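The values are calculated or read from the model by the stated rules, or taken from the named source; none is laboratory data. Just so it is clear, the model here is predicted, and its values are computed rather than measured. For neighbour counting, all protein chains shown are included, and Cβ atoms are generated from backbone atoms with ideal geometry for every residue, glycine included. Accessible surface areas use protein heavy atoms only, side chains included; no ligands, DNA or RNA. Shrake-Rupley method; radii C 1.70, N 1.55, O 1.52, S 1.80 Å.
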Amino acid sequence: MTDLVRWTKEQDIAVITIDNPPVNALSPGVPEGIVAALEQIQNDGSVKAAVLVGAGKTFIAGADIREFVKLTSGQQQGDIGILPHLLKIEDSAKPVIVAIHGNALGGGLEVAQACHYRVAAADAQLGQPEVNLGIIPGAGGTQRLPRLVGIERAIEMCTTGKPVKAIEAAQFGLIDRVIEADLLTGAVAFARQVAGKPIRKTRERNDKLGSADSNAPVFAAARESARQKYRGMICQLAAIDAIEAATKLSFEQGCTEEARLFYRCLYSDQSKAQIHVFFAEREVSKIPDIPKDTAVMPVHSVAIVGAGTMGGGIAMVCANAGLPVVVKDTDPAALDRGIATIEKNYQMSVKRGRFTQEQVDERMRRIRTAVDYDDFANVDMVIEAVFETMPLKKQVFAELDRVCKRGAILASNTSTLNIDEIAATTSRPEAVIGLHFFSPANVMRLLEIVRGRRTAKEVIATCMQLARRLGKVGVLVGNCRGFVGNRMFLPYIREAQFLVEEGAAPEAVDRALVDWGMAMGPLAVGDLGGLDVAYRIRKEYRHLEKPGARQPFLEDRLVEKGRLGQKTGAGWYRYDAERRASSDPEIPAMVEGWVRESGIRQRPIAAEEIVEREIYSLVNEGARILEEGYALRAGDIDTIYVNGYGFPAYRGGPMWYADTVGVKQVYERVCEFHQRHGVLWEPARLLKELAESGGTFAHFQRVAAQASD
Ligand code: T1G
């Protein structure tokens, strides 16, 4: 018995319990504890079989990822060392039945595969999510899983990383029985039924491994699809290689090949970046001056002002989380359009199998509409999502201040406007906060939570918790222009225009970033969001630009020609009725004419320079945001960019990427750009400091500059 693993007896059945909160990770001592318990059980003649369970809310959620960081950072030598313990479980003379509740992920599912039988609660989830960390299963999962479920299912589970529900897993043989009633009682009863029967070891089952001829096209198709779906990533292809090894080699040789592929992935920059993203996404909820026990206000009802694209998406997010929501719009026609869009989006989700029709009906019943504030008096939270102008926002917040109960949270979905200025129109600035959703709000995981100068800690704590309830990654940011995400995005899309002015074709700019890993090129993103949006922001804030700063002009010209992007069928690209993009032969001619007028001399620009100028513009502005205290950690910025701006997780986010390249190298390039392109490339003080001190962004942390008064 160790303090991580204990066992008890239910008459003739032993129950081995893993107790390593919060997620029963396979930390050092856990695999050893299971094996030690089994050895004692072998010697206890009164025991016929053993059931393996997890204490708390879940079974094993995988290997302890922190141990990987110790290995790859050189703090620790050796290997993860789980596989030998699983062989001992499998070699138990008495049947071992795993009983799964919550999650059996990664090493947790590998433990289950090494057991002789698997039972689970109906809502349990089973998966091999290692690719989300840039690795592959490393404890025999690529060898045992195909033996249990066949190669195609194994490939799908290991390359998508998506978990499956126990009921589905039972249908394809991964689970032997779904227990509807009490799991432990059901598992012990099941163990009694199988006790004494011949034991089947998973590693000896080869009936589902197919033949070289039948497998070859499956592996070829899987590799082709992985190359397209996971552009630039190595782990999915490595997982396919390991599963193929299972069909060609003995179990032992297959495990050796799996280990070789596993460590190659683990020590790759891609995996280090993805593991950084994993922990950064969990770190964002830790706010230095807001302790974990800060009071959280009840949020049982939400009202939304504005039934446009954002208002409708936010209503869906709330309804999906079980919250009753009222959507108000002054214009009944806008309300009808808003509801129609919500219904259309839900029908798409039904088509894609995300929701059943019953679930959609349930959600639609939670959404009510209103043309006045009558229903706002008792709501716990209001989210304003009206047109992005300050006068309108101020008018709405003055009205909310009049009609909403004391204690209600008043939030704005503004993406650029000053939260303090909005809050100042109310008698309760401490209740005002920014909740910046990203479009489409019902899809994008990111939520920027904007702290105003007077926002109360309880309001912030409540919104951080609400973000999790809404299935969002909530990141706390300071109240500066464009907050964090959009403030960094401004120099990024500006630099894209400068690159075209200087001679790069629009397609070349976008292709360079997409080939590098971005989900979409900066110019195509402009077309998606509408070139008029950035045009209006540029105009509104031109007076705040640095004196003598170069101004981009191409998008202004496009907008003035009515080319607003996808919504007008033309922007940087031309779009057909299905909004598919194609190059527009008119663009090179127009650009050439406008550039000639400007006197800018054009030159060939390599993809490498395009990527550096784009990504380093993010890093430089990110450094400024950190030094000014508008973001708490570099990891927060990385979490924002990976979840809100299509930044590849396998590059870790802009700040992590800068550390990977080397802050000194980034700084030197930024200085060169400063020389060549002027004041907009002035290096951030923090970038300079870290470059000169040999520091990294990963360790830079600063308490939010704005402590509430
Ligand atoms: N290792 C270490 N810490 C972990 C962990 C893990 N596997 N999983 C979670 N945590 C910590 C997390 O950092 C947080 O800490 C706390 O637990 C709660 O997590 C050998 C190679 C299970 C679905 O990829 O997906 O096995 O911030 O906030 O929302 O082949 O955690 O409180 O200090 O996420 O309820 C494969 C990773 C590993 C699953 C629960 N397993 N975990 O979600 O809680 S590789 C995974 C999750 C592997 C083998 C291979 C989720 C969860 P803190 P949380 P949650």
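Write out, first by first residue and then by second, each pair whose Cβ atoms fall under 9 Å of each other, whose residues are 6+ apart or on separate chains, and whose first residue, in segment 397-412, is within 14 Å of Ala385 (Cα to Cα) while the second is among the polar types (S, T, N, Q) and open to solvent by 10 Å² or more (accessible area, probe 1.4 Å).
If the second residue must be among the polar types (S, T, N, Q) and open to solvent by 10 Å² or more (accessible area, probe 1.4 Å), the pairs left are Phe397/Thr425; Phe397/Thr426; Leu400/Thr426; Leu410/Thr426.
Within segment 69-81, does at least one residue satisfy the condition of being within 10 Å of the ligand (Cβ to nearest atom) and either buried (at least 20 other Cβ atoms within 10 Å of the Cβ) or farther than 24 Å from Phe278 by Cα (or both)?
Yes: one or more hits.
Take segment 559-609 and flag every residue that is open to solvent by 40 Å² or more (accessible area, probe 1.4 Å) and touching a strand residue (DSSP E or B) at 6+ places or on another chain (Cβ under 7 Å).
Scanning segment 559-609 gives Arg574, Ala581, Ser582.
Just to verify a result, which residue in segment 423-436, among those that are surrounded by fewer than 24 Cβ atoms within 10 Å (Cβ to Cβ) and touching a residue at least 24 places away in the same chain (Cβ under 8 Å), is farthest from Tyr645 (Cα to Cα)? Full working, then the answer.
Here is the first cut: in segment 423-436, the residues surrounded by fewer than 24 Cβ atoms within 10 Å (Cβ to Cβ) are 424-430.
Those still in the list that are touching a residue at least 24 places away in the same chain (Cβ under 8 Å) too: 425-430.
On the way: Thr425: 32, Thr426: 33, Ser427: 35, Arg428: 33, Pro429: 30, Glu430: 30 Å.
Among them, the one singled out is Ser427.
Sort out which residues of segment 104-123 are more than 12 Å from the ligand (Cβ to nearest atom) and assigned to a strand (DSSP E or B), and write them in order of number.
Result: Tyr117, Arg118, Val119, Ala120, Ala121.
Assuming Glu10 fulfils every condition listed in (1) farther than 29 Å from Asp123 by Cα; (2) away from the ligand (no atom under 16 Å from the Cβ) apart from one, which condition is it?
The number of the failed condition is (1).
Please enumerate the residues belonging to segment 236-292 that are among the aromatic types (Phe, Trp, Tyr) and surrounded by fewer than 21 Cβ atoms within 10 Å (Cβ to Cβ). Quick ask: steps written out before the conclusion?
At the first step, the residues of segment 236-292 found to be among the aromatic types (Phe, Trp, Tyr) are 251, 262-263, 267, 278-279.
Across segment 236-292, the qualifying residues are Phe251, Tyr263, Tyr267, Phe278, Phe279.
When you scan segment 553-608, how many residues do you find that are within 22 Å of Glu502 (Cα to Cα) and in a helix (DSSP H, G or I)?
22
In segment 294-330, which residues are surrounded by fewer than 22 Cβ atoms within 10 Å (Cβ to Cβ), out of contact with any helix residue (DSSP H, G or I) (no Cβ under 9 Å at 6 or more places or on another chain) and not hydroxyl-bearing (Ser, Thr, Tyr)?
His300
Could you grab me the full set of residues in segment 41-66 that are open to solvent by 30 Å² or more (accessible area, probe 1.4 Å), farther than 24 Å from Gly186 by Cα and within 10 Å of the ligand (Cβ to nearest atom)? Can you show your working first?
Here is the first cut: in segment 41-66, the ones open to solvent by 30 Å² or more (accessible area, probe 1.4 Å) are 42-46, 48, 56-57, 61, 66.
Going one step further and asking which of them are farther than 24 Å from Gly186 by Cα, we end up with 43, 66.
The one that is open to solvent by 30 Å² or more (accessible area, probe 1.4 Å), farther than 24 Å from Gly186 by Cα and within 10 Å of the ligand (Cβ to nearest atom): Arg66.
Within segment 650-671, is there a residue that is touching a residue at least 24 places away in the same chain (Cβ under 8 Å), among the small types (Gly, Ala, Ser) and closer than 18 Å to Gly482 by Cα?
We begin by selecting, within segment 650-671, every residue touching a residue at least 24 places away in the same chain (Cβ under 8 Å); these are 650-660, 663-664, 666-667, 669-670.
Checking the rest, the ones that are also among the small types (Gly, Ala, Ser) come to 652-653, 658.
Of the ones still in play, those that are also closer than 18 Å to Gly482 by Cα are none.
Scanning segment 650-671 turns up no residue that is touching a residue at least 24 places away in the same chain (Cβ under 8 Å), among the small types (Gly, Ala, Ser) and closer than 18 Å to Gly482 by Cα.
What is the residue count in segment 84-103 for residues that are buried (at least 21 other Cβ atoms within 10 Å of the Cβ) and either at pLDDT below 95 or within 10 Å of the ligand (Cβ to nearest atom) (or both)?
2
Across segment 445-476, what is the number of residues that are outside any loop (DSSP other than H, G, I, E, B), within 16 Å of the ligand (Cβ to nearest atom) and of a type in the set (Lys, Arg)?
Residues meeting the conditions: 2.
Looking at the structure I just gave you, is Leu126 at pLDDT 95 or above, more than 30 Å from Val69 (Cα to Cα), open to solvent by less than 10 Å² (accessible area, probe 1.4 Å) and outside any loop (DSSP other than H, G, I, E, B)?
Working: at pLDDT 95 or above: yes; more than 30 Å from Val69 (Cα to Cα): no; open to solvent by less than 10 Å² (accessible area, probe 1.4 Å): yes; outside any loop (DSSP other than H, G, I, E, B): yes.
Considered against the rule, which asks whether it is at pLDDT 95 or above, more than 30 Å from Val69 (Cα to Cα), open to solvent by less than 10 Å² (accessible area, probe 1.4 Å) and outside any loop (DSSP other than H, G, I, E, B), Leu126 comes out as no.
Output yes when any residue across segment 140-147 is away from the ligand (no atom under 12 Å from the Cβ) and either modelled with pLDDT of 95 or more or of a type in the set (S, T, N, Q) (or both), and no when none is.
Going residue by residue through segment 140-147, those that are away from the ligand (no atom under 12 Å from the Cβ) are 146-147.
Checking which are either modelled with pLDDT of 95 or more or of a type in the set (S, T, N, Q) (or both) leaves us with 146-147.
Yes, segment 140-147 contains at least one residue that is away from the ligand (no atom under 12 Å from the Cβ) and either modelled with pLDDT of 95 or more or of a type in the set (S, T, N, Q) (or both).
I'm told Phe278 meets every condition in (1) more than 16 Å from the ligand (Cβ to nearest atom); (2) within 21 Å of the chain's Cα centre (by Cα) except one. Can you identify the failing condition by its number?
(1)
Given the residues Leu26, Leu38, which is the only one that is within 16 Å of the ligand (Cβ to nearest atom), open to solvent by less than 20 Å² (accessible area, probe 1.4 Å) and modelled with pLDDT of 95 or more? Break it down stepwise before answering.
Working: Leu38 fails: within 16 Å of the ligand (Cβ to nearest atom).
Result of the check over Leu26, Leu38: Leu26.
Out of all the residues in segment 152-175, is one or more modelled with pLDDT of 95 or more, touching a helix residue (DSSP H, G or I) at 6+ places or on another chain (Cβ under 7 Å), hydrophobic (A, V, I, L, M, F, W, C) and within 8 Å of the ligand (Cβ to nearest atom)?
Checked against the condition, which is being modelled with pLDDT of 95 or more, touching a helix residue (DSSP H, G or I) at 6+ places or on another chain (Cβ under 7 Å), hydrophobic (A, V, I, L, M, F, W, C) and within 8 Å of the ligand (Cβ to nearest atom), segment 152-175 yields no hits at all.
Taking the conditions exactly as written (of a type in the set (A, V, I, L, M, F, W, C), within 16 Å of the ligand (Cβ to nearest atom), crowded, with 22+ Cβ neighbours inside 10 Å and in contact (Cβ under 8 Å) with a residue 12 or more places away in the chain), does Ile18 satisfy them or not? So that I can check it myself, show each step before the final result.
Values: of a type in the set (A, V, I, L, M, F, W, C): yes; within 16 Å of the ligand (Cβ to nearest atom): yes; crowded, with 22+ Cβ neighbours inside 10 Å: yes; in contact (Cβ under 8 Å) with a residue 12 or more places away in the chain: yes.
Spelling it out, Ile18 is indeed of a type in the set (A, V, I, L, M, F, W, C), within 16 Å of the ligand (Cβ to nearest atom), crowded, with 22+ Cβ neighbours inside 10 Å and in contact (Cβ under 8 Å) with a residue 12 or more places away in the chain.
Name the residue that is farthest from the chain's Cα centre (by Cα), counting only residues in segment 373-389 that are modelled with pLDDT of 95 or more, open to solvent by 20 Å² or more (accessible area, probe 1.4 Å) and within 20 Å of Gly308 (Cβ to Cβ).
Among them, the one singled out is Tyr373.
For segment 531-550, which residues satisfy the criterion of being open to solvent by less than 60 Å² (accessible area, probe 1.4 Å) and of a type outside the set (A, V, I, L, M, F, W, C)? I'd like the intermediate steps shown before the answer.
Keep residues of segment 531-550 that are open to solvent by less than 60 Å² (accessible area, probe 1.4 Å), which gives 531-535, 537-538, 541, 545, 549.
Of everything in segment 531-550, those that are open to solvent by less than 60 Å² (accessible area, probe 1.4 Å) and of a type outside the set (A, V, I, L, M, F, W, C) turn out to be Asp532, Tyr535, Arg538, Tyr541, Glu545.
Please go through (1) in contact (Cβ under 8 Å) with a residue 40 or more places away in the chain; (2) open to solvent by less than 50 Å² (accessible area, probe 1.4 Å); (3) over 23 Å from Pro84 (Cα atoms) for Lys197 and return the number of the only condition it doesn't satisfy.
(2)
Given the conditions (1) within 22 Å of Tyr641 (Cβ to Cβ); (2) at pLDDT 95 or above, report the number of the one that Ala534 does not fulfil.
So Ala534 meets the others, but not (2).
Restricting the search to segment 151-193, which residues are in a loop (DSSP other than H, G, I, E, B) and open to solvent by 10 Å² or more (accessible area, probe 1.4 Å)? Show your work before the answer.
First, pick out the residues of segment 151-193 that are in a loop (DSSP other than H, G, I, E, B): 161-163, 172-176, 180-182.
Residues satisfying the conditions are Lys162, Pro163, Phe172, Gly173, Asp176, Glu180, Ala181, Asp182.
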